[in-house]
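Quick notes on the structure that follows.
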Amino acid sequence: MEATLQILLEIQHIDQRLSELDNPEHVLQFEKLGFQWQPEHRQQLIELRAKRAAQIDAELLAHYQGLKERYGAAIVPIDGGICLGCFMMIPTAWVQDIRQSLSVKTCGHCGRILFWVG
Amino acid sequence: MPTTKKTSSKSAKSAAAKAPAKPALTGLAAYFDEALFLPELKSKNKAEAFEEMVDALCATLGKQHKQTLLSMLHHREMLGTTGIGRGVAIPHGRTLLTRHLRVVFGRSNTGIDYGARDSEPVNLIFLVVAPFQDRGNVYLPTLGKLVELVRAKPNRDKLMEIETFDQFVEALSAPTA
Ligand SMILES: [Zn+2]
């Protein structure tokens, strides 16, 4: 079964792609390497994002959106029990929960959504 | 270099099982792994090839993340192809699902229907996943080095001929065009 955290991560991936597309320097660098950009296809990705966003609880989605506007990335990795958004400690039990059950947990200090990276 | 700083008991066990230890790879080769070396892709099209290659990646990153990785790659293709021509494709993306930059190498001798820029079938695929926070700033330079490598026809020919991972590593250090 797909976890809410995985849907949120997919939304973050889409947001990342859209921000790449909106960054002329990024587009130019990748075009120079031979990669293609078709800005006219952006709507397809926006529609996909809307479809995924509809699968998330409205309050959580609003929280994601707020974090994205404030920090750029709403979901951040945990490393060595530390939130890499604000470098504060995360309870050990949470780390296990996020890692094993993909539970949605937000950092008690900065509010960012936490992700365990393998 | 993509080696884990903290070794978990699980990965320590699997590392111990892989004896004898080989010297650490350097340069471009440092991002590759024998488990991510797929010289005989069975896939006929892009979607299948991504699956085959992501399966290899998921052995390390976790099977539960397969769909998320696949969709991440397909989002990029929606915005334009990563088939750069001359039988080469370099699908890529940054994701929280990996701690280090990793490259999966896939080769198809018959060619894959990829929707490349030159509409030619693709034989060589380098699938690049990089950490979301690219602190070492290795993502773009690595993509650049791969593009440089395959720009030279002798290098592409060599990559089509190699049979073992060791030969592949040697081919990666070939002079670029
Ligand atoms: Zn935090």
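Among the conditions (1) under 17 Å from the mean Cα position of the chain (by Cα); (2) modelled with pLDDT under 95; (3) crowded, with 16+ Cβ neighbours inside 10 Å; (4) away from the ligand (no atom under 14 Å from the Cβ), A:S103 misses just one, which is (3).
A:G118 - would you say it is more than 10 Å from the ligand (Cβ to nearest atom), more than 19 Å from A:Q6 (Cα to Cα) and either at the interface with chain B (Cβ under 10 Å from one of its Cβ atoms) or modelled with pLDDT under 90 (or both)? No; evaluated as a whole, the condition is false for this residue.
Can A:Y71 be described as within 16 Å of the ligand (Cβ to nearest atom), away from chain B (no Cβ under 11 Å) and buried (at least 18 other Cβ atoms within 10 Å of the Cβ)? First the steps, then the outcome.
Details: within 16 Å of the ligand (Cβ to nearest atom): yes; away from chain B (no Cβ under 11 Å): yes; buried (at least 18 other Cβ atoms within 10 Å of the Cβ): no.
So A:Y71 does not fit the description; no.
If I ask for residues that are aliphatic (A, V, I, L, M), more than 10 Å from the ligand (Cβ to nearest atom) and open to solvent by less than 20 Å² (accessible area, probe 1.4 Å), which ones from the stretch A:74-94 would you list? Listed by number, the residues that qualify are A:A74, A:I75. Within the stretch A:7-41, the set of residues being within 12 Å of B:R76 (Cα to Cα), within 7 Å of chain B (Cβ to nearest Cβ) and in a helix (DSSP H, G or I) comprises A:H13, A:I14, A:Q16, A:R17, A:L21, A:H41. Within the stretch B:101-130, the set of residues being open to solvent by 10 Å² or more (accessible area, probe 1.4 Å), in contact with a helix residue (DSSP H, G or I) (Cβ under 8 Å, 6 or more places away or on another chain) and either over 20 Å from B:P39 (Cβ atoms) or at the interface with another protein chain (Cβ under 9 Å from one of its Cβ atoms) (or both) comprises just one member, B:G115.
For A:I98, state whether it is closer than 29 Å to B:I90 by Cα and of a type outside the set (F, W, Y).
Judged against the criteria, A:I98 is not a match.
Kindly indicate the residue of the stretch A:50-60 that is part of a helix (DSSP H, G or I) and open to solvent by 40 Å² or more (accessible area, probe 1.4 Å) and also nearest to the other protein chains (Cβ to nearest Cβ) among those meeting that condition. Out of the qualifying residues, it is A:K51. Looking only at residues of the stretch B:27-46 that are touching a helix residue (DSSP H, G or I) at 6+ places or on another chain (Cβ under 8 Å) and assigned to a helix (DSSP H, G or I), we find that the one that is most open to solvent (accessible area, probe 1.4 Å) is B:E34. Restricting B:R94, B:R99 to those that are closer than 30 Å to A:F115 by Cα and assigned to a loop (DSSP other than H, G, I, E, B) reduces the list to B:R99.
Name the residues in the stretch B:131-165 that are over 30 Å from A:P77 (Cβ atoms), away from chain A (no Cβ under 11 Å) and either part of a loop (DSSP other than H, G, I, E, B) or open to solvent by 40 Å² or more (accessible area, probe 1.4 Å) (or both), would you? B:A152, B:K153, B:P154, B:D157, B:K158, B:M160, B:E161, B:I162, B:E163, B:T164 - these are the residues of the stretch B:131-165 that are over 30 Å from A:P77 (Cβ atoms), away from chain A (no Cβ under 11 Å) and either part of a loop (DSSP other than H, G, I, E, B) or open to solvent by 40 Å² or more (accessible area, probe 1.4 Å) (or both).
Scanning the stretch B:63-92 for residues that are at the interface with another protein chain (Cβ under 7 Å from one of its Cβ atoms) and under 22 Å from B:L149 (Cβ atoms) returns B:R76, B:G80, B:T81, B:T82, B:I84, B:G85.
The values are calculated or read from the model by the stated rules, or taken from the named source; none is laboratory data. Model, not experiment: these values are computed from the prediction. Please note: Cβ atoms are built from the backbone with ideal geometry, for glycine as well, and neighbour counts cover all protein chains shown. All accessible areas refer to the heavy atoms of the entire protein, side chains included, with ligands and DNA or RNA removed. Shrake-Rupley method; radii C 1.70, N 1.55, O 1.52, S 1.80 Å.
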